[in-house]
1. In terms of modelled amide H atoms, which long-range or inter-chain residues lie less than 5 Å from the amide H of Phe283?
2. Is there a quick way to get the dipole size of the stretch 65-129? I mean about its Cα centre, with the Cβ of Lys and Arg at +1 and of Asp and Glu at -1; what is the value in debye to the nearest 20?
3. Calculate log10 I(q)/I(0) of the stretch 369-436 for q = 0.12, 0.15, 0.27 Å⁻¹, where I(q) comes from the Debye formula with a single equal point scatterer on each Cα and nothing for solvent.
4. Can you give the net charge of the other residues whose Cβ lies under 15 Å from the Cβ of Leu193, counting K and R as +1 and D and E as -1?
5. With a point put 7 Å past each Cα toward its Cβ, work out how far Ser371 is from His140 in nm, to one decimal.
6. Modelling each spin label as a point 7 Å along the Cα-to-Cβ direction, I'd like the Arg442/Arg378 distance in nm, to one decimal.
7. Nearest 5 is fine: what % of DSSP beta bridges in the chain come out antiparallel, could you say?
8. List the cysteines in the chain whose Cβ has no other cysteine Cβ under 4.7 Å from it.
Amino acid sequence: MSQHVCVIGAGPAGMATASTLCEQGFAVTLLDEQPAVGGQIYRNITRVSASTAHVLGADYQAGQTLVDRLNTQPERLRHLCSTVVWGVDPDGTVNWKANGQTCTEQFDALVLATGALERPTPMPGWTLPGVMTAGAAQIHLKNTGKPLCNTVLVGNGPLMYLVASQLAALGAPPRALVDTSTFGDEAAAAHYLRPTATTLGYFVKGLKLKALLRRHGVVHLRGATNLRIEQAGEQLTLHYQHHGKAQHIDSDYMLLHFGVVPNIQLSKALGADHHWSAQNQCFEPTTSETGRLSGLKHVWQVGDGAGILGAEAAAISGEIAALEIASAFKGNSPSISERLRHLQAAKTKFQPIRRFLDHAYAPPQSVLCPSDDTIVCRCEEITAGQIKTAIAEGAQGPNQAKAFTRCGMGSCQGRYCGLTVNQLFAQALGQSPAEVGYYRIRTPIKPITLGELASHDPA
């Protein structure tokens, strides 16, 4: 009887992991919240029109190769879409819900391919209607084939340029890119670049995106500070300072983006070891070179959920983990060892460009530690000032802040406030983010109704 592995997440890392495991003779259950494979990067890849795929570019279209490979092993693969995982255990037990019912099953190994989240972007007005992340605008585009019109992009980082160029290519160029990074930031970060084909390819892509935006007349303002969004009627207004002067710009949609961070909810729930990444200002799971989670025997974390390197590197990491699982359960072989060495060398090629991007487009301090009147916890509508009051009253960390304020106890379970709360504590207590720590994540990881629990069906 072949071993049964559960892969959670069907983005580039999850698809590559599942495909490789099937090829190695494993039975695989692939669980994913989306109605089809692709994750956020390749969202709707199996249904998107040819014209929209062309606008989204070759990097997006590359996802079809992963889908095609996944579909070659139907007898070994069980793909459950529109499925929400709400609990996991180190012994390989996974709890999920779909179609109003819950199910529990135990597996020989788990692979977490949960991907990344856009970094929380707390600033005054970020909870107003019409304010969303740049990634959300891209999801809308991939799902509908239609761009949002009359937008302003606010923040920094390569995804902001990509989304702006895609909107422009569809005839809806943004009114402006209000960028918190400067030319000086990019120049200082150039120290981390290495003259390789990989870094050169990313550099050329970036130049092409910026050139396209210039052709469409998109205003690009560098070094913006003091960001604030207000609303009058249905019109949004971004207030900011540029070269020391107060300015503002109106739009229907404000698209915010300050980079992406690993989605660590499941790895935290499993009790795996995590460390603070000063480079990306976030927590990352501690893993071996092959993705095995530190402290857990048969659980792996792959893709951007283990550290941000991008879609291509994510797929490579998934294949690496799958081959190590094959070695762990079926014994090593010269062919697997050789393939692992090749893949690990390929993955390291993405690290220099990641270091450059993290330093060139670091989140500003005003986003990491927002002003007192800024909402931090969207679920419970808790402000940064309320968190600081809790600290002054004796709260010693994010978990005690829950008792003082309910911050982190809403439906997102801290996914969108955890990093901000951590930074506020670090600043107030004079500690490092690592010393402050993060929320303890417990089951249920995602909301579940009593009716769904009552329908529980152990497999």
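Every number here is computed from the coordinates shown, using simple stated rules; none is lab data. Source: prediction; values computed, not measured. FYI the Cβ positions are ideal-geometry reconstructions off the backbone, even for glycines, and counts take in every protein chain you see.
1. Under 5 Å from the amide H of Phe283 lie the amide H atoms of Ser277, each far enough along the sequence or on another chain.
2. Dipole of the stretch 65-129, to the nearest 20 debye: 220 debye.
3. The Cα Debye sum returns log10 ratios of -0.23, -0.37, -1.27.
4. Local charge sum for Leu193: +2.
5. Each label point lies 7 Å from its Cα, and together they span 2.6 nm.
6. With each label placed 7 Å out from Cα toward Cβ, I get 2.5 nm.
7. 50
8. Cys6, Cys22, Cys81, Cys103, Cys149, Cys282, Cys369, Cys379, Cys412
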